[in-house]
1. Cα gyration tensor of region 190-235, axes a ≥ b ≥ c as square roots of the eigenvalues: rounded (a/c below 1.5), prolate (a/b > b/c) or oblate?
2. What relative contact order, as a whole-number percentage, does region 7-293 give when Cα pairs under 8 Å and 6 or more residues apart are counted?
3. Of the beta bridges DSSP finds with both residues in region 7-293, what % are antiparallel, to the nearest 5?
4. Exposure proxy check: 302, 272 ranked by fewest other beta carbons within 10 Å?
5. Sum -39500 (n - 2.57) across every DSSP H segment of at least 4 residues in the chain, then divide by the residue count to get the 222 nm mean residue ellipticity, nearest 500.
6. Going by C-beta contacts inside 10 Å, put 83, 188 in order with the fewest on the left.
7. Counting only Cα, what are the radius of gyration and maximum Cα-Cα distance Dmax of region 50-174, in Å?
8. To make sure I understand, if each residue's beta carbon is the centre and we count other beta carbons within 10 Å, what order do 283, 149 fall in, fewest to most?
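Each reported figure results from applying straightforward, stated rules to the coordinates on display, with no laboratory input. This one's a predicted model, so the numbers in the text were calculated from it and none came from an experiment. Here the Cβ positions follow ideal geometry from the backbone for every residue, glycine too, while neighbour counts run over all protein chains shown.
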């Protein structure tokens, strides 16, 4: 039994092009709370003991100003940087402007992660129950195993009214384990239901009750063993593609395909919400207001 406190890795290096600004540090309450504030608050309550923030060097100062004082004395904090040039020299292309994706970001945290860990997006609100369920599972797992996990959500609860979103479509077996995940980079809501773009660029229907990943994964430190090799292979295949991204689902599928790991699909009553577009902000503010009124969070978080 592993009684060590799990670590939370937070993906906050994204550029937020569809949002039109640095949504990681945007505030959503009169008290100046960011979405990350709620994730940190929930994770502390759930028993996470260390926080690793993956950011860009260019936002370090603002980020530390926002985070350091809140976590002082409560948990260990580390920062790692995801930059375009953090790839083997032979793959570096100075024409590239976009980071290499969430899988590459996760690799950057390798030296800071010693315990079982969860990884989340900075701009998604996952809900307290999701953190509690994930922390419980991570504490129950041997850190030398390849017993991974994922927090599942239903697609219909994760789409935006204001444009398309990207989601990991999950296939789950009858024992509750993930068998495959496909990154769908364009899913949108229409009057007739939900549709997604297929590989040929056609829009086809997708079931609203599809199980999706919102990038809330649970791993043991052993996940890094093959991740670098998988990334090298990806770079070899995509070195001339300036927009190619190495997503966490690609890592997970690599492990599932070679039979190394299992991925337990966790569920919770938590309701997800997030901001892909500027127009999503108002509804997220209202949701948070309701949770504060219900007493789920104190008026003043810190």
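1. Numbers: a/c = 5.64, a/b = 1.93, b/c = 2.92.
Taking the square roots of the gyration eigenvalues as a ≥ b ≥ c, region 190-235 is oblate.
2. Numbers: 523 pairs, mean separation 73.7, N = 287.
After rounding, I find 26 percent.
3. Bridges in region 7-293 are about 55 percent antiparallel.
4. Numbers: 302 13, 272 18.
Ascending Cβ contact count within 10 Å gives the list 302, 272.
5. Working: 7 runs with 82 residues, N = 302.
Only helices count here, giving -8500 deg cm²/dmol.
6. Details: 83 14, 188 17.
Least to most surrounded, the residues fall as 83, 188.
7. 17.0, 47
8. Working: 283 14, 149 25.
Fewest-to-most ranking of 283, 149: 283, 149.
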